[in-house]
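Student: Sharing a structure here in structure tokens format.
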Amino acid sequence: EVLPSVDHDRIATVAADAIQRLCSVGGLNSSAVPAYIADAPSTPAALREGEQQAVAKALKGLVVAIYSRFLGLRAGMRRKLSQALLATLLANQNVPRGHAGVRLHALDGGAVASTITLVGLAAGLEVLTGITRGFRRPLTTHRHLELLWDCMVPMHAPTAMVDDRTPLLELFHRPLCLGVVAMVESHPQCVGSVLRSLVTHFPASSTANSSKEVLLLHELEM
């Protein structure tokens, strides 16, 4: 039996589209939900948080399936994923007042949840962590380490708050930590440089003991 030929260019286009849409779920730059995600609302604004999780899970599964099946697309997909993660973070690093929530001192009707969840960004980082764990050890190529220095480390920079208790970083900090740990385990020689880089992202002394500082301290303990 002759198997049908695969249009790799078409698959690459689908992969790039899925990565972009995945990373944007739950952010200010959310893309329209693609037609290949069944039974989902057609606009990002119509997605409740539970629906955001479902769409992110479906897109994540698609990205992982393509990455696993098509070896020749892996380098391009890693590059696209890194770019999409950083672009989404850049688009959401300044939380507009209308999208911020309130958890403390809410006098009118109680606490209000932020409209920003970044569930897709967190899911994209989970994909990146899985990719990192699949690298051959020890790492021997600079291209793999670029995921650490050009993507994971810079993602510790945001200082914005999504409400009066929650730093933006908290929305995706756990999968980000796991990604950094996976990379350090694959290339132990970089642990000193990683620690020095993380220290540069600590809040200024005027905001000492902030929620972001607590997150970073926990990460250093890992």
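The values are calculated or read from the model by the stated rules, or taken from the named source; none is laboratory data. Note that this is a predicted model, so its numbers are computed, not measured. A quick note on method: Cβ atoms are made from the backbone with ideal geometry, for glycine too, and the neighbour counts reach across all protein chains shown. Note: areas computed on protein heavy atoms with side chains; ligands, DNA, RNA excluded. Shrake-Rupley method; radii C 1.70, N 1.55, O 1.52, S 1.80 Å.
Student: Under the 0.36 nm per residue contour assumption, what length would be gained going from the current alpha-carbon distance of Leu220 and Glu185 to full extension?
Tutor: Between Leu220 and Glu185, full extension yields 11.2 nm more.
Student: Which net charge results for the neighbourhood of Ser197, defined as the other residues with beta-carbon distances under 13 angstrom from its beta-carbon, given Lys and Arg at +1 and Asp and Glu at -1?
Tutor: That works out to -1.
Student: How much accessible area does His187 have with a 1.4 Å probe, in Å² rounded to the nearest 10?
Tutor: Answer for His187: close to 30 Å² accessible.
Student: Rounded to a whole number, what is D in µm²/s for the range 144-222 from Stokes-Einstein with the Kirkwood radius over alpha-carbon pairs (10 °C, 1.306 mPa s)?
Tutor: Reported coefficient: 123 µm²/s.
Student: Where Lys and Arg each count +1 and Asp and Glu each count -1, what net charge lies around Arg174 among other residues with Cβ under 11 Å from its Cβ?
Tutor: Net charge around Arg174: -3.
Student: Let me ask something additional. Averaging sequence separations of C-alpha pairs under 8 Å and six or more residues apart, then dividing by the length of the range 157-222, give the relative contact order as a whole percent.
Tutor: It rounds to 35 percent for the range 157-222.
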